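Chemist: Handing you this structure, nothing more for now.
The values are calculated or read from the model by the stated rules, or taken from the named source; none is laboratory data. Every value quoted in this text rests on a predicted model; they were computed, and no experiment measured them. Every residue, glycine as well, gets a Cβ built from its backbone with ideal geometry; the counts of neighbours run over all protein chains shown.
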Amino acid sequence: MKKLANIDLKLLQLFDEICKTRNLSRAAENLNLTQPAVSLALGRLR
């Protein structure tokens, strides 16, 4: 598990949007990102 201090705030905002929308594509659209970019970012949180 990564330390919280090493997690980028933008990654947390992305995760929050995914939780709110329950949809990677919609979260990507809301954040003006592509779905593959969201998937890659989500992988960095693991």
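Chemist: Can you tell me which residues in the range 37-46 are at pLDDT below 95 and either surrounded by fewer than 12 Cβ atoms within 10 Å (Cβ to Cβ) or over 11 Å from the mean Cα position of the chain (by Cα) (or both)?
Modeler: Result: GLY43, ARG44, ARG46.
Chemist: Name the residues in the range 9-36 that are in contact with a helix residue (DSSP H, G or I) (Cβ under 7 Å, 6 or more places away or on another chain), of a type outside the set (Ser, Thr, Tyr) and either outside any helix (DSSP H, G or I) or loosely packed, with under 13 Cβ neighbours inside 10 Å (or both), would you?
Modeler: Residue satisfying the conditions is LEU31 alone.
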